[in-house]
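The values are calculated or read from the model by the stated rules, or taken from the named source; none is laboratory data. These figures come from a predicted structure and were not determined experimentally. Glycine gets a Cβ as well: all are built from the backbone with ideal geometry, and neighbour counts include every protein chain shown. Remember, those area values only see protein heavy atoms, side chains included, never the ligands or the DNA or RNA. Shrake-Rupley method; radii C 1.70, N 1.55, O 1.52, S 1.80 Å.
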Amino acid sequence: MSETAKLIIGDETYELPIVVGSEGERAIDTTSLRQDSGYITLDPGYANTGSCKSAITFVNGEKGVLRYRGYPIETLAEQSSFIETAMLLIFGELPTSQERADFRTLLGEQEFLHTDLMHHFEGFPASGSPMAILSAVINSLGTFSPDLYDVVTPDRFRLAAAKLMSKVRTIAAFAFRKSIGRPIIYPNTKLGYCHNFLHMMFSMPYQIFEPRYEAIDALELFLIVHADHEQNCSCSTVRMVGSSEANLFASVASGICALWGRLHGGANVGVIETLQRIQKGELTVPECIEKVKTKQIKLMGFGHRVYKSFDPRAKILKRAAHKLLAAMGHKHDPLLAIAQELEDAALNDPYFTGRKLYPNVDFYSGIILRALGIPTPMFPVMFAIGRLPGWIAHWNEEFRDPTTRIHRPRQIYVGPHVREYVAIENRKG
Ligand code: SDX
């Protein structure tokens, strides 16, 4: 007999099955709760609610553990590439060298955008948010491949995944070039994934940009650590939209919109803005800490719904920031020094440690992006490029799961009781 939980309501006792995951996580399965008891659960923000079973990513927030398909993030950051990590997340296994070569070829074939799609960029103001552009153009991408709205066969899914993975860079780079009034630079299929992106971002028609290998390595690592993070807000959005059988392009476009928020993928912008305010002398570190403690501001890049200890990605990115800046000769980027000072002040203050607030993935990521020459408004876009394989993997896992049901949460209604309609001439203001 499998383990159960007993729920006692009045004179009734309800037995609910316990579900145990492969890493020992335990859940009370409430699938039959309303039907058996008439009760629902209420959990604003879903802090205690699992939406699905998934075999993609495992996070232990108490121990600071993050694994993609069982591989520790530290190992992948050290030894893998972004494309290999993306294939691991999407297809479930580390690729053989032939599989990786074949996927790279497919990515190379998918780098360009249809010329009709290029007109989209003309429709946005130069100051338009690159996240709005990215979401709009990704959704439009699907209209050029309506046959890929249905990806039942593995080959069609693989092609759709490759199109998204490859073109997301081109769209992001073109949006950046448009925003600064520079001619777009077409992808060069001879370059690797990250090198090609930096080429499209920073080359000029008369001068090819040759990034240092340390910059390419830092971008690879940045994308690897952002590649997935189980049921975060944007991934849950992709799964929510996909659960209605909406296509992969529409679901990913929705995930981009969810990621845009300051509490999620937009936090890396907030971190840099805070560091720059301190650098300009508008705020000191102690004043910043005081404003946080008196709840005037949140410390962006700190805190996490799941990590109640150090986010392993923050440790990796902090080391990478130091390494990249040293390699580029900016040993003392003032913002990195301020970030360290802010971290030290917070981690020595019971307000933060008492609430288990530690640096998260966003606290040091912006330092790396700045060192790569990527402007602040593009930071959430970089997060989206990294997170894309995770969104694709989760959409596909849900799409192929025969037990998937459309996401339709319940609610507890707290509005007015039934009322009589009053004709407008009889209404009193
Ligand atoms: C990402 O979910 C994921 O996996 C996300 C992500 C991923 O890879 O997809 O890891 C990426 O989004 C990382 C988080 C980026 N966001 C930020 O850095 C924004 C700042 N952080 C907070 O807004 C907050 O920590 C959240 C949104 C990340 C988590 O919010 P929770 O879990 O709802 O926490 P909470 O608001 O209930 O906070 C609990 C307490 C509260 O204080 P009290 O009411 O108990 O007095 O901690 C405080 C909060 O006020 N608190 C903070 C804080 N975060 C929480 N106080 C100051 N600064 C903060 N950053």
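Quick notes
- Of all residues in the range 139-150, those that are open to solvent by 10 Å² or more (accessible area, probe 1.4 Å) have Cβ atoms under 8 Å from Cβ atoms of residues that are acidic (D, E) and part of a helix (DSSP H, G or I), 6 or more apart or on another chain, in F144/D116.
- Strands (runs of 3 or more DSSP E) contained in the range 24-118 and holding at least 2 residues among the aliphatic types (A, V, I, L, M): 26-28, 65-68
- Checking each residue in the range 357-389 for being in a loop (DSSP other than H, G, I, E, B), within 14 Å of the ligand (Cβ to nearest atom) and under 22 Å from A258 (Cβ atoms) picks out N360, V361.
- For the range 151-167, filtering for residues that are open to solvent by less than 30 Å² (accessible area, probe 1.4 Å), under 23 Å from S243 (Cβ atoms) and touching a Leu at 6+ places or on another chain (Cβ under 7 Å) leaves 4.
- Answer residue from the range 312-353, given it is outside any helix (DSSP H, G or I) and more than 16 Å from the ligand (Cβ to nearest atom) and is least open to solvent (accessible area, probe 1.4 Å) among those: D333
- Every residue from the range 26-73 that is of a type in the set (D, E) and touching a residue at least 12 places away in the same chain (Cβ under 8 Å): D29, D36, E62
- The helices (runs of 4 or more DSSP H) found wholly in the range 243-295 and carrying at least 3 residues that are within 16 Å of the ligand (Cβ to nearest atom), among the charged types (D, E, K, R) and at pLDDT 95 or above occupy 285-293.
- Here S309 meets the list (1) part of a loop (DSSP other than H, G, I, E, B); (2) free of Cβ contacts under 8 Å to residues at least 12 places away in the same chain; (3) more than 10 Å from the ligand (Cβ to nearest atom) almost entirely, failing just condition (2).
- Which listed residue, of T115, T96, T105, T85, is farther than 29 Å from R400 by Cβ and polar (S, T, N, Q): T115
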